[in-house]
Structure formats: C-alpha cells, structure tokens
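Below is one structure, written out as structure tokens; the observations come after it.
The values are calculated or read from the model by the stated rules, or taken from the named source; none is laboratory data. On a predicted model such as this, the values are computed, not experimentally measured, just so you know. No Cβ is skipped: glycine too gets one built from the backbone with ideal geometry, and neighbour counts run over all protein chains shown. For the accessible areas, the whole protein counts, side chains as well, though only heavy atoms, and no ligand, DNA or RNA atoms are used. Shrake-Rupley method; radii C 1.70, N 1.55, O 1.52, S 1.80 Å.
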Amino acid sequence: MKLQLLIIAVLKYLVLTNQEERGQQLPTTTRFLFDDDTFYNFTTFPDEDGSSVPCSTTAPGFSSLGLMITYIIVFVFSMVGNSVVVYVVCYMKKGRTSTDIYLMHLALADLLFSLTLPFWAIDAHSGWIFGNFLCKVLSGFQEASVYSGVFLLACISVDRHFAIVRARRVLSSHHLLVKVVCSVVWLVAGLLSLPHAIQKQSMHAVDLDQTICYENLTGESSDHWRVSIRVLRHTMGFFLPLLVMTVCYGWTLVTLFHTRSHQKHKAIRVILAVVFTFVLCWLPYNVTVLIDTLIRGGTLEVGTCETQYRVEVTLNVTQMLAFMHCAVNPVLYAFIGQKFRNQLLSALYKNGLISNRVRMVYRKGSVNSAGSTKSRLTSATM
C-alpha cells in the first residue's frame, strides 16, 4: 500500500505542477493527424469560425515524465518480487502444492508484463522508437500477461476454496491437472490478446512530430470494433474473474467464521486484503475505460475538450494504478505466507546469503505456534 501511495503522489505532483501551463494550452482546435490523414481522436467541437474540429486525445500539460518515472518504479519492484517468487517455487523440490504452481505462473505472467514497461516508459516520454514489429509483439505480450494474470488469480481463489472449504489439497499426483489448467490459461490469454496485437501499429503523428504505437482502426466499423474489444476486456479481464473470486473467497470466509482457531482472523485479513487490492487496482481503470468507451461510441457526450482531457488524464493515472498490481502480487500471495518465508530463508541460507542463526530466528517466529489447523489455514490462504 505504501508503494501505491508513493506512485500516486508522484503522478499527482507532476500533473499539478503543470496545471497553470495546462490552462494556457487547451487547444480546442488542435488537429492531430496521422500521415494518412486519419484523425487520432473521436470528438469534435465548434471552432471560432463555426467549423467542426477534433480534440487531441493527448491531454495538454500532463507530464510524460511522471508516467515514465512510475513505469520504472513499478518495473523495478515487480521484477525483484516476482523473480524471488519464481526462484523460491523452483527451489521447492518437495512439498510443492497446486497453489505454489499457480503462484509461479502468476509470477511469470507479471514478469512478462514487467518486461514491457521500460518500452512504454520511453514511449510515454519520447514516442515510439522501436518499430512496427515490437509495437505489435509487446502489445500482445502485455495484453496476454494481463489476461493470464487475472485468470490465475481466479484459479488461486478456486484452489483455496477447495483447500479450506473442502479441506483437501491437490496432491502431487494431480499436479499434471494443475499444469494443464495453467496451459489452458496461457492459451486462452494468448488468443484473447491477438486482436489487440494485430490492430496495433507504429505510425507517425504529424502534429506531435513523433511516432506512436496505436490501434490503427479506420472506417465506419472502427468504433464498433474498439467498443467490442473493450467489452471483451471488461467481461473476461475483470468482471468474470472478480465474480469467481467473490464467490470462492466469500464461501471461504463463511467457513473460516465457523472455524474455532485464532489463525482464522489472520486468514480472513489476508483474503480481504487480496480482494480489496484487486478491486482497488483494477476497478478505477475499468470504470474509466468504460466511460471512455461510451464516449467513443457516442453514447455519452462530453461538453468540451477540457472534459475529454480529464478523461485522458484519469485513464493514464488509473492505468498506472492497475499496473501496480503486478508489483503487489508477490507481497500478497507469497511473502505473507509462512511456508514461502521458510522456503525463502532456506534458499538464502543454502546460497550463503544469510547465516543459520538468522534463518532459525525467523523460522522460529513462524513455527512456534504451529498447529494442524493453523498449518492448513496459513498455507492454504496465503
């Protein structure tokens, strides 16, 4: 949560410092064209002479430096946290559970997503300089990693439901089934990302005098196609997984409330933190994208270019909030768990990074109060 507040504060500061300049730069007559003379926008308002001109979708005065800094911060934290998760899970030669496998694939999805962030950081500040091929490939990777990450979060909620409510875990002999599920998740995520990757194209924006990586949609069906893709993202990439998580974790919470154990309170707090963080990171972005989709489709009318610029700034800020989820995932799903901490300490000790005394001190703190019920709750819910 401190990381989220820090990044939000950086963005807010960099936007507000340009507020005065922004008031002087609001151009209601800006024509923002591609080389093929197609508009990079969707809303038009009357000019001084009565003609209808489009608004730029790039909000004047919004600091691209703030976006670049935020991308880099999220990249560093995500790469470190998720790399540790992958290392520790691979280190577990024995006792690897189905949840551990899902966590490793979730960390891999977040790593794939994080690898694209430096490119978008440079793009936010200097435009797209990496060519058409990387524009398509990186857009596809980012889209696929988002879908796979959200699907894996839903799989983890189902797995924990069986571990606590049904009081059973997937045995090692059934790990093949878990791997098949993960393979299906990656396959579906890849297929869902294809339309986005195909439509992305590197093109030159004349008025900005720089190249951008943008969806090349032209013709009467462009708005319908864009709306259809976004509806698919809302449904498959947020609301459906959220429904699965709500049902599974809700059922799990009911079971925990009827469990006579001191550890149930800690397990409940972790579950609430997981759901709350997911909603906090992704709901604002999905709501903003929904509003933007309604504007693009003509269902919702905006009064001025100023209103549209506010939507664009909100999109940028909420998008970064959503991107931060990949850096928060390791903390919520791995580092909080007792089993993961012990495995991490053992791995660090084996590689000579910590002493045996340090390892035993921290292991002792997590093992002293162990019990059968605690073991089941902590390992299954964290």
Exercise for the section: Quickly rank 138-145, 278-285, 89-96 as a protection proxy: mean count of other C-beta atoms within 10 Å, highest first. Expected result: 138-145, 278-285, 89-96
Exercise for the section: Could you run the Karplus curve 6.51 cos²θ - 1.76 cosθ + 1.60 with θ = phi - 60° over region 114-121 and give me ³J(HN,Hα) per residue in whole Hz, x for Gly and Pro? Expected result: 5, 5, 7, 4, x, 5, 6, 5
Handout entry: Spin-label pair residue 335/residue 272, simplified geometry with 7 Å Cα→Cβ offset, distance in nm
Key = 2.2 nm
Problem - FRET efficiency for residue 210 and residue 287, using Cβ-Cβ distance with R0 set to 45 Å, rounded to 0.05 - result: 0.90
Practice task
Determine the alpha carbon to alpha carbon distance for each of 94/350; 179/266; 179/200; 266/339; 266/350 and list only those over 24 Å.
Solution key: 179/266; 179/200; 266/350
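Residue separation times 0.36 nm, minus the C-alpha to C-alpha distance between residue 350 and residue 259: what's the value? Walk me through the numbers before you get to the answer.
On the way: separation 91, 0.36 × 91 = 32.76 nm, distance 3.73 nm.
Working it through step by step, the gained length comes to 29.0 nm.
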Exercise for the section: With a 1.4 Å probe and all protein chains in place, put 336, 198 in order of accessible area, largest first. Expected result: 198, 336
Exercise for the section: Express in nm, to one decimal, how much length is gained between residue 358 and residue 125 on full extension, taking 0.36 nm for each residue of separation and deducting their alpha carbon distance. Expected result: 79.5 nm
Practice task
Add +1 for every Lys or Arg and -1 for every Asp or Glu among the other residues with Cβ under 12 Å from the Cβ of residue 196, and state the total.
Solution key: +3
Handout entry: Label-point separation in nm, residue 234 to residue 179, each point 7 Å along Cα→Cβ
Key = 4.0 nm
Problem - Solvent-accessible ranking of 290, 353, 134, 315, largest area first, probe 1.4 Å - result: 353, 290, 134, 315
Practice task
Starting from the Cα-Cα distance between residue 187 and residue 251, subtract it from 0.36 nm times their residue separation and give me the gain in nm to one decimal.
Solution key: 20.2 nm
Fill in the blank from the handout: Env charge @ residue 307, Cβ radius under 12 Å, K,R +1 / D,E -1, value -3
Problem - Protection proxy ranking, peptides 337-347, 185-195, average beta carbon neighbours within 10 Å, highest first - result: 337-347, 185-195
